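To keep things clear, I will list the structure first and then write my remarks on it.
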Amino acid sequence: MVHTGACIASLIGQGGSRKYHLTWRWLRYFKNDRDRRDLITCGAAAGVASAFRAPVGGVLFALEEAASWWRSALLWRTFFTTAVVAIVLRAFIQLCSTGTCGLFGEGGLIMYDVSAAKVAYSVPDILAVILLGVIGGIFGSLYNYLVDKVLRTYSIINDCPNTDLSGNYKSFQCPPNHYNDLASLFLNTNDDAIRNLLSTSTTKEFHISSLFIFFIAIYCLGVITYGIAIPSGLFIPVILAGAGYGRLIGRLFDPITKLDVGLFALLGAASFLGGTMRMTVSLCVILLELTNDLLLLPLVMLVLLISKTVGDMFNHGVYDQIVKLKGLPYMEAHAEPYMKHLVARDVVSGPLITFSGVEKVGNILHALKTTGHNGFPVIDEPPFADAPELCGLVLRSHLLVLLKGKIFSRDRVLSGDEVVHRISKFDFAKAGSGKGVKLEDLDIKDEEMDMYVDLHPITNTSPYTVVETMSLAKAAVLFRQLGLRHMCVVPKSQG
């Protein structure tokens, strides 16, 4: 659902789909880097909110995991998005309450209500929760390690001891009025399996051996299936496995603990989520919105912090590992230690490719063909400036649109507002994937190569700049926290 929400938002951010005739003129206002990033972040938040019926958890998930650049405007936009999700969900749940929509209308906005259980805990309970957190961190880091290894290689007990007490339990091959506890976990939907594990006042409904087998099976299946081309997700398998060993720990600590085994299952799910994803605040809120038990907040916070801390001792979170494994360009939130001993000048590679404010067409075409840069500094020189000075930054995509429009002149003069009159500003908007002007689309004749084009109308005259002696660590943090694509490093002096 997170992926689906982000995909829908990305579709809107690129103006719709011309292929399937799903374009609207008003969508063109979102065709820029910042708004498209914001939309995708809101889409991810909507996915969490709809999957777990946790609107506030969706906002915090977007803050903690989806967005690398956060600001106040994005906060209320994601909050508005998830509020709409909650209203629409509520409306459809009421509409489907008669059972005409299959499983959709089941459970209301609280999916796994455990608020009926009495939350009272003492020192032995705290020790059990700490143990759960440590186990979650170890199992989570091991899970991430195995997922990484498995992705790199890609290039039942029939026992009937219990009486049927709930419609979620499966009889399997058992006689009437009896159920198979293992089948009730394996052969149910994921929602019902989680609901069974989190059920309160059902201390001995599942055997210790069944819980152990279920946990091992779900753990191994989660390792194998995550990362292949099916919408299996990560949240639900992790919650299932965590709830399985949490309930198992609850059974083992039953003689000395006051906590219900259903609450142990919830804390186990929290510990495994924290151990794999290394998130804290958003997971805490999502679990509380899922289960409607605010009294469990201190224990959920404790187990998440412990599992994250233990997991961080071994490796990174699963999302960070997948990003690295797939080779996606990603900057860490914190600068590397070695960067503190370098300055910005030390990592600038040459030769520097720049354009004059009024540049020859042939020079621009040659630079576009021989480099892969997406941004170029524009330097104003006499007679357009008293001395060479940084005018701004021009993007490759904008240069291609300008060259295709062929607003050239034979003399090296400013073109004024001619660009605005002959090319629509929406032509310069960020294109969808593979839909922008490409270099091979240009048809520049030989006589046009010696003509001039004025770059001032399409130059960003307020680029972010740092002096060459600035600490590389500070420059890296600035680059990431402001969500920049380009940063100009300028010399201390004209020399």
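Scanning the range 271-284 for residues that are surrounded by fewer than 24 Cβ atoms within 10 Å (Cβ to Cβ), β-branched (Val, Ile, Thr) and not in a loop (DSSP other than H, G, I, E, B) turns up just one, Val281. Is it true that Leu63 is open to solvent by 70 Å² or more (accessible area, probe 1.4 Å), in contact with a strand residue (DSSP E or B) (Cβ under 6 Å, 6 or more places away or on another chain) and not assigned by the TED database to the domain that holds Asp320? Considered against the rule, which asks whether it is open to solvent by 70 Å² or more (accessible area, probe 1.4 Å), in contact with a strand residue (DSSP E or B) (Cβ under 6 Å, 6 or more places away or on another chain) and not assigned by the TED database to the domain that holds Asp320, Leu63 comes out as no. You will find that of Leu240, Leu221, the residue that is hydrophobic (A, V, I, L, M, F, W, C) and open to solvent by 30 Å² or more (accessible area, probe 1.4 Å) is Leu221 and no other. So is Asn188 surrounded by 15 or more Cβ atoms within 10 Å (Cβ to Cβ), more than 30 Å from Ile322 (Cβ to Cβ) and modelled with pLDDT under 90 or not? So Asn188 does not fit the description; no.
Could you count how many residues in the range 446-495 are hydroxyl-bearing (Ser, Thr, Tyr) and in a helix (DSSP H, G or I)? I'd like the intermediate steps shown before the answer.
So the first thing to find is which residues in the range 446-495 are hydroxyl-bearing (Ser, Thr, Tyr), and the list is 452, 459, 461-462, 464-465, 469, 471, 493.
Adding the requirement that they be in a helix (DSSP H, G or I) leaves none.
Counting residues in the range 446-495 that are hydroxyl-bearing (Ser, Thr, Tyr) and in a helix (DSSP H, G or I) gives 0.
Here Gly317 meets the list (1) crowded, with 18+ Cβ neighbours inside 10 Å; (2) more than 30 Å from Ile138 (Cβ to Cβ); (3) under 34 Å from the mean Cα position of the chain (by Cα); (4) of a type outside the set (A, V, I, L, M, F, W, C) almost entirely, failing just condition (2).
Could you please find all residues in the range 415-447 being in contact with a Pro (Cβ under 9 Å, 6 or more places away or on another chain), among the hydrophobic types (A, V, I, L, M, F, W, C) and open to solvent by 40 Å² or more (accessible area, probe 1.4 Å)? If the condition is that a residue be in contact with a Pro (Cβ under 9 Å, 6 or more places away or on another chain), among the hydrophobic types (A, V, I, L, M, F, W, C) and open to solvent by 40 Å² or more (accessible area, probe 1.4 Å), then Val420 is the only one that fits.
Report the residue count in the range 285-316 for those that are of a type in the set (A, V, I, L, M, F, W, C) and not in a helix (DSSP H, G or I).
Going through the range 285-316, the residues of a type in the set (A, V, I, L, M, F, W, C) turn out to be 285-288, 290, 294-297, 299-306, 310, 313-314.
Okay, now just the ones that are also not in a helix (DSSP H, G or I), so 313-314.
Final tally of qualifying residues: 2.
Set side by side, the residues Ser155, Ser209 differ, and just one is at pLDDT 85 or above and either touching a helix residue (DSSP H, G or I) at 6+ places or on another chain (Cβ under 9 Å) or loosely packed, with under 14 Cβ neighbours inside 10 Å (or both), which is Ser209.
The values are calculated or read from the model by the stated rules, or taken from the named source; none is laboratory data. Just so you know, these numbers come straight off a predicted model, no measurement behind them. Note that we place each Cβ from the backbone using ideal geometry, even for glycine, and neighbour counts take in every protein chain shown. Note: accessible area is taken over every heavy atom of the protein model, side chains too, but ligands, DNA and RNA are not part of it. Shrake-Rupley method; radii C 1.70, N 1.55, O 1.52, S 1.80 Å.
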